[in-house]
Amino acid sequence: MGAGIAQLGCQAGMRTLLYDPLPEARERGAESVRKRLGDVAELVVVDEVGALSSCDLVIEAVPERPALKRDLFAELSALNPELVLATNTSSILVTSLAGAAARPENVVGMHFFNPPPVMKLVEIVPAEQSGERAIALATEVAEAMGRHPIRVQDGPGFLVNRCNRPFGAEALRLLQERVATVEQIDRIVRLGGGFRMGPFELMDLVGIDVGFEVAKSFMEQSFGEPRWKPSPLQARMVAAGKLGRKTGAGWYEYPPGRPDDPEPLEPGGGEGRAIGFAGTGPLWDQLRERANLAGFKEGNEGVTIGRDIPLIAGCSLPETGARVGFHLLPPLGSLVELTGERDTQVEDIFRALGFHCEWVGDAPGLVLGRIASQLVNEAAFAIGEGVGTAADVDTGMKLGLNHPRGPVEWGRAIGTDHAVSILDALREERYRVAPLLRRGGIE
């Protein structure tokens with residue numbers, strides 16, 4: 001992170017000092033910058049922390065240990081009380097670090113996203129003590145680096161990482177409840193939701209131990225918010241030493257990693273068969289469009305999707321009285337989730353509509369509906385609490401995490417009623433009656 005931020009400073013034409021107390025780490029960081037930019041005059045490697053006192057702004061990217069960051073801020077501010085100190089922390093309250101400086105008003109958060117030269121977002125996080133001079137300088141520097149700054153409230157995960165918590169947390173709950181496997185959840189999220197990576201391959205990339213520590217930090221800082229509770233599955237993987245790519249095994253084995261996705265299907269094979277649709281709105285309009293491309297004839301004399309094959313949102317399959325249910329979200333991807341009794345006729349219909357079929361366990365919203373609705377829900381909490389604006393939530397999730405669309409956009413696409421119905425059904429299952437018991441008993 002430090003080398004990446006230094007690279008941005010050099011590219012912006014700023015005189016950039018790079019310091020690390022470990023000579024080998026310092027040289028690795030400098031070499032990383034030179035490899036990308038060549039021998040740039042803006043980069044100055046220094047071997048003592050005191051050399052940083054001549055700067056206008058120091059951005060720290062030391063390990064996520066509060067005492068280490070506080071000690072550094074105390075040392076730097078003692079050398080130059082006017083120095084503006086920015087922390088790149090992603091999980092520590094900026095307010096808790098600012099008090100270590102001689103002048104806490106000169107401390108601010110500048111949360112870059114990894115890797116900094118690629119990801120265009122920076123969260124500007126004022127501490128309770130931050131003065132306008134520090135906030136303005138941090139914002140000016142971020143803009144000069146070609147990043148998009150958004151001003152967010154200090155708190156667990158700030159804005160973007162907080163709004164992204166359900167992406168992994170709900171996936172872990174789906175796995176724990178055996179609604180779907182690791183491979184299925186990731187494939188559904190990629191092919192059904194348009195995400196570049198599924199939650200489990202992302203956990204393996206970041207490090208399962210890192211994610212577990214972040215989850216515990218969220219829980220501690222929120223004084224036990226149930227939405228942010230760590231998963232026992234994370235604890236088990238960490239205890240087993242299966243931390244992801246860096247250990248050669250996590251949710252996947254490395255190599256080979258996660259399996260390749262199938263090629264997209266083109267709509268076709270309707271051959272004039274009748275098909276009906278029992279719903280209205282964007283989802284149903286897009287299904288009708290696919291049916292037309294596939295060569296189906298719309299009519300009630302054939303299978304009616306939405307009636308014979310109900311949409312599983314704020315309910316489970318037994319409540320519909322049908323044998324098979326489905327779930328899709330607009331804009332339509334290349335995969336449909338099915339639940340219930342395996343039926344080749346149903347598979348044939350959806351394949352003709354251009355969908356790969358993934359059979360999963362019964363649950364409100366199935367897989368993608370649950371994850372997307374929880375993303376919408378967490379964003380609504382954050383916006384309602386003033387952590388950030390709706391526009392900043394969507395911008396942050398797309399620029400900082402490469403999401404295909406932001407939670408507010410998801411909410412518009414899904415519809416508030418659809419999302420709330422899934423969330424209400426999950427509340428009923430999670431906190432009152434065990435899902436297995438609700439779906440028919442434990443005999």
Local net charge near H148, Cβ-Cβ under 15 Å (Lys/Arg +1, Asp/Glu -1)
-1
Using 7 Å Cα-to-Cβ label points, what is the Y254/T280 separation (nm, one decimal)?
5.1
Net charge of Cβ neighbours under 10 Å - reference L243; Lys, Arg +1; Asp, Glu -1:
+1
Pull up the DSSP beta bridges for segment 185-311 and report the antiparallel fraction as a percent, rounded to 5.
25
Separation of the E271 and E220 label points, Cα + 7 Å toward Cβ, nm
6.3
If you take Rg/Rh (Cα atoms, Kirkwood Rh) from the coordinates, which of (1) 1.00; (2) 1.04; (3) 1.10 do you get?
(2)
Angle between the chain longest axis and helix 208-221 axis [Cα atoms, degrees, rounded to 10]:
80
Kindly express, to the nearest 10 degrees and within the range 0 to 90, the angle between helix 66-79's C-alpha long axis and the longest C-alpha principal axis of the chain.
30
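Considering only DSSP beta bridges where both residues belong to the chain, give the percentage that are antiparallel (nearest 5). Please report the intermediate quantities before stating the final value.
Details: 11 of 36 bridges.
Once the DSSP bridges in the chain are tallied, antiparallel ones form about 30 percent.
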Peptide ranges 96-109, 309-322 listed from the most packed, as the mean C-beta count within 10 angstrom indicates:
96-109, 309-322
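Determine the sum of side-chain charges near G279: Lys and Arg each +1, Asp and Glu each -1, restricted to other residues whose C-beta is under 11 angstrom from that of G279.
On the way: positive: R288, R307; negative: D285.
Neighbour charge sum, excluding G279 itself: +1.
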In the chain the accessible area split gives carbon plus sulfur, as whole percent at 1.4 Å, a share of 51
Each residue of segment 239-248 in order: what ³J(HN,Hα) in whole Hz does its phi give by Karplus 6.51 cos²θ - 1.76 cosθ + 1.60, θ = phi - 60°, with x for Gly and Pro?
4, 7, x, 8, 9, x, 4, 5, 10, x
With springs only between Cα atoms under 10 Å apart, run a GNM on the chain and tell me which of D261, D209, D186 wobbles the most.
D261
Would you mind getting the accessible area per residue of the chain, heavy atoms of the protein chains only, 1.4 Å probe, in Å²?
44
Accessible area, 1.4 Å probe, largest first: how do D71, D20, D348 sort?
D71, D348, D20
In nanometres, the difference between 0.36 nm per residue of separation and the alpha-carbon distance of R196 and V118 is 26.6 nm
Principal-axis tilt of helix 132-144 within the chain, Cα atoms, nearest 10 degrees:
70
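Can you give the helix-only mean residue ellipticity at 222 nm for the chain, where every DSSP H stretch with n ≥ 4 adds -39500 (n - 2.57) and the sum goes over all residues, rounded to the nearest 500 deg cm²/dmol?
-13000 deg cm²/dmol
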Among DSSP beta bridges whose residues both lie in segment 1-157, state the antiparallel percentage, nearest 5.
25
Cβ crowding within 10 Å averaged over residues, with 363-369, 211-217 ranked highest first:
363-369, 211-217
Starting from the Cα of K120, draw a straight line to each of the lysines and keep only those under 18 Å, dropping any in the same chain fewer than 8 residues away.
K398
Computed FRET value (nearest 0.05) for E75 with T181, which takes r as the C-beta separation and R₀ as 51 Å
0.55
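The values are calculated or read from the model by the stated rules, or taken from the named source; none is laboratory data. Not measured: the values here are computed from a predicted model. So basically every Cβ, Gly included, is an ideal-geometry build from the backbone, and we count neighbours across all protein chains shown. Accessible surface is based on the protein model in full, side chains and every heavy atom, while ligands, DNA and RNA are left aside. Shrake-Rupley method; radii C 1.70, N 1.55, O 1.52, S 1.80 Å.
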